[in-house]
Amino acid sequence: MPSAPRRNASSPLFQYVCLAVLFASGMLFQIRYAIDIWHDMKVEIPFVLPDTASASLELVRPSAEKLGIHRSDTLVAINGKPYMGTSQLAEVYTKTNIGDQAIVTLRSSGADHPVAFAATTANIAITDAVYDVLLNIAAPIGCVLLGCWVVLVRPRDGLAWILLGLMFCFSQLLGSFKIESWGPGYREVAMAYRRMLAGSWPIFMFLFGFFFPEPFPYFVTRPFLKKWLPVVVIIPTLVDIYFKAWISIVEMTDYRHAHEIYQMYRPLENPLMIYIFCVVGFGFFTCISTKSATAISPDARRRLRLLYWGSSLALTPLFLLNVAGLIAHKSIYDMFPELVVDVSFLLTMLFPATMAYVIVVQRAMNVRVVVRQGLQYALAKNAIHALQIIAIGVVIATAFALGSNTNRAGKMVIIGVAVTIGFSIPRFGDRLRQWTDRRFFREAYNAEQVLSELGDHVRGMVETRSLIETVATRIANTLHVHSVAILLGGTDTYRPAFAMGYPNPPDVTFPAQTGTIKHLEKEREPARIYLDDPDSWVYRDANVTAEERNKLAQLQAELLLPLNAPDKLLGFISLGAKRSEEPYSGTDVRLLKSVATQTGLALENARLMSAIAEEVAQRERLNREVEIAREVQERLFPQTLPPIAGVTYAGACRPALGVGGDYYDFLALPEGQLGIAVGDVSGKGIAAALMMASLQASLRGEATRAPENLAALVANVNRLVYEASSSNRYATFFYAQYNPMSRLLTYVNAGHNPPILFHRNGGSWDVNRLEAGGTVVGLLANFPYEQAALKIEPGDVLIAFTDGISEAMNHADEEWGENKLIETVSSCAALAPAEIIARIMQDADTFVSGAKQHDDMTLVVLKAS
């Protein structure tokens, strides 16, 4: 549904209260109903059922026929009391215990004769038990849960409430002879509840078919339809509900009075029934069929057809049986084999199952409701589990059945075969689940592993084509995405640079000023595309034109991933539907966002490296390469300082040559955290600058997710730098993350000059050096780093620096030293961070007195307020 939150963000308290009342009522009803069903499965009593508002029997089951009971026999008395209503007969079936009997007096051929209805232990077959549980317990409870779940997620969505009503109504369509025994007061309320819901089913069927996924356009544009259509549909149905509820409630205690009411209703019964059939037929099936034929979106068309055919398969068989029964004025159990009737009832369970599938695919429930795998995936896996359990049960039962008639040796052979098959079934089930997962859904995957592997591939790539091919292929294979396109921007237009899964390469372009590009530039977040949802941002954003929506349809886009550089949009990845047809989950989006971030950094690095190579090739190697690298390096240093609560900070680097190997960086991390990095690459010049760029890319790729384990982060950076550099290259490195909520600074020092934390203690400064960590990065393939943390108090000042500061030398080769650095900071700690940096540089320059700068000089100052 809509990708952006509604403007009205107030809590829908009234809707939730209504939902809670409905949920409690529905579940209380179904629990009590399930108890009676469970009693029936344990106790067997000959079953008869009178006709509507009558004492004449309309249904006589085989167990009762064996006692000489026939249709049209009349109930006279039960246990000596004159028969007054259905509640007396219902109590026989729910309150008679095993070993007891009820005496039912019947009138047949003008003579009265008593019949003993004995309660015996039910010898119910497992198939019959499963049938009763599925049809009378599982399906109604499932309908209640599905309807309430949708409204819980989308309480302000009118369509969600229509679905709730439809599911509650469907749960009462297949009622049986139980409510009548629930006792005075309770049974009347329960019967009214059941009759009201069962009778309202045509109304909600019509409304759902008419409004899902959106109403017909002429309904919106013609006000008279809004006024009269509900009246035409609802009023006749309410008349039918009123009479049926009245008759059902009265006949529980006084069937003669109910018969009088029924005589008033009888002239209306057939016309109302025909009318209701038309409401359901034309209101639901015709609406869904028409919409599926006229839908613009292929996805909407496919889903509507699934709804149409799934509902038709679920409801048509039982509908045809009932029509035949009405024409012949007979019970369907008298006209058709019991197996045909049972199968027809079981098929009705496809209706809520179809609704569940289509609603999930249509996104009436948010992605979080699907949990990680989606309803279709979960059903498939659980079905395989169920098949395993059933298969094991069949094997065990068969083994006992065969073993009862064989000798000892034969029994041992049978048991051995059964055990072997039993152990084989789980392994076969595992293989079947794996095949189902790979064939129809996505493979189970570990997000960190995929991200790490993809990062290893793209970090070392400087050729754009191979980079985007790798990214597109990995995403398609990991999530089973049918179509993937990567569009990259030039000067003013974004066009496809690579595409897979399309019959023909998509011929689309997005100028930089279009609404889609502006949206991605502004949000810098993945954007879901719902072309069949008028509330989606692609319709609400006035800058997004119909032409752009047509282009997105050509791309078959369901999710757009921006490829961001620090200051601009490099391009975006368009992802089509997954083969499982489930929407992208929150886990999917988080993974893909990280992948897009990695790809954007790699593209920017590739662009920068390409720019360096082109510039160096065009200019004189010795005279111009320093200038080129310096310009690139300056762009790699932070251009803006993201605001962080409770601290101010600044940094500066002054290379000894045109370019250098010193490095500092500030990273804006999730939850308002700040990443602080300072490094010193061995050597100077172009080689050191390139290694510095690699170090920055490795850190940004690892730090994007703001992990709590900084030791592991630095270990990964060490491994990546080691793999990307020659054996004589390494770097000292310090990395810290500051959390403004806890004011904790967590850090790892990889062989770098220990940063100094100044803490005011009365009239003096306490000095704390941050030393915990390990060796330099890039020298060893693997090294176990340690991390430490300390609290930053208001007024504290953190100074991070490279050895170019502390080892600045004058003409006499004397070093300035850390003691003089500490003295300078102590004297100017009240200044702003940028001013502290300027004072330190000034004092160091005064000390060296114009001597040549031997090393790069880098400073980072963070001050807590």
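The values are calculated or read from the model by the stated rules, or taken from the named source; none is laboratory data. As the structure is a computational prediction, the values presented were derived from the model and not from experiment. Please note: Cβ atoms are built from the backbone with ideal geometry, for glycine as well, and neighbour counts cover all protein chains shown. Note: accessible area is taken over every heavy atom of the protein model, side chains too, but ligands, DNA and RNA are not part of it. Shrake-Rupley method; radii C 1.70, N 1.55, O 1.52, S 1.80 Å.
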Can you compute the modelled spin-label distance between LYS791 and SER849, with each label point 7 Å from Cα toward Cβ, in nm?
4.7 nm
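Taking R0 as 22 Å, what's the FRET efficiency between THR294 and TRP228 from their Cβ-Cβ distance, rounded to 0.05?
That gives a FRET efficiency of 0.40.
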At 7 Å along Cα-to-Cβ for each site, give me the label-to-label distance between SER827 and VAL189 in nm.
8.6 nm
Chymotrypsin sites (Phe, Trp or Tyr not before Pro) restricted to DSSP loop in region 751-791 with at most 11 other C-beta within 10 Å:
none
Hey, how many Å between the Cα centroid of region 581-614 and the Cα centroid of region 537-552?
24 Å
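If R0 is 60 Å, what FRET efficiency do you get for TYR242 and GLN513 from their C-beta distance, rounded to 0.05?
0.45
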Solvent accessible area, Å² - ARG549, 1.4 Å probe, full protein context
50 Å²
For region 481-603, shape from the Cα gyration tensor axes a ≥ b ≥ c, cut at a/c of 1.5 then a/b versus b/c, turns out rounded
Provide the FRET efficiency to the nearest 0.05 for the THR127-SER72 pair, computing r from the beta carbons and using R0 = 30 Å.
0.40
Gain upon complete extension [ASN79, ALA118; 0.36 nm per residue less C-alpha separation]
12.8 nm
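With the full set of protein chains in place, find how many percent of the accessible area of region 624-766 is carbon and sulfur; take the probe as 1.4 Å.
Here it works out to 51 percent.
Stretched out fully, how many nm does the piece from ASP766 to ALA324 gain, at 0.36 nm a residue minus the Cα gap?
Length gained between ASP766 and ALA324: 149.6 nm.
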Length-normalised contact order of region 1-139, Cα under 8 Å, at least 6 apart, in percent, tallies to 23 percent
Can you tell me the length gained on complete extension of the stretch SER865 to ALA611, counting 0.36 nm per residue apart and subtracting the Cα distance?
87.3 nm
Out of residues 5 or more away from LEU563 or on other chains, whose amide H comes under 5 Å of its own, with H placed 1.01 Å from N in the peptide plane?
LEU570, GLY571, PHE572, ILE573
ASP507 accessible area, 1.4 Å probe, all protein chains in place, Å² to nearest 10
140 Å²
Label zone at GLN842 (point 7 Å along Cα-to-Cβ), backbone N below 11 Å, region 649-671:
none
At a 10 angstrom cut-off on C-beta neighbours, averaged per residue, how do the peptides 603-610, 535-542 rank from highest to lowest?
603-610, 535-542
Considering Cα pairs under 8 angstrom that are at least six residues apart, work out the relative contact order of region 792-859 and quote it in whole percent.
48 percent
Which distance in Å, rounded to a whole number, links the C-alpha centroids of region 663-706 and region 801-844?
23 Å
Roughly how many Å² of ARG61 are accessible to a 1.4 Å probe, to the nearest 10?
70 Å²
For labels at SER726 and LEU780 in the simple 7 Å Cα→Cβ model, what's the distance in nm?
2.4 nm
Descending principal axes extents, region 738-846, alpha-carbon based, whole Å:
42, 37, 22
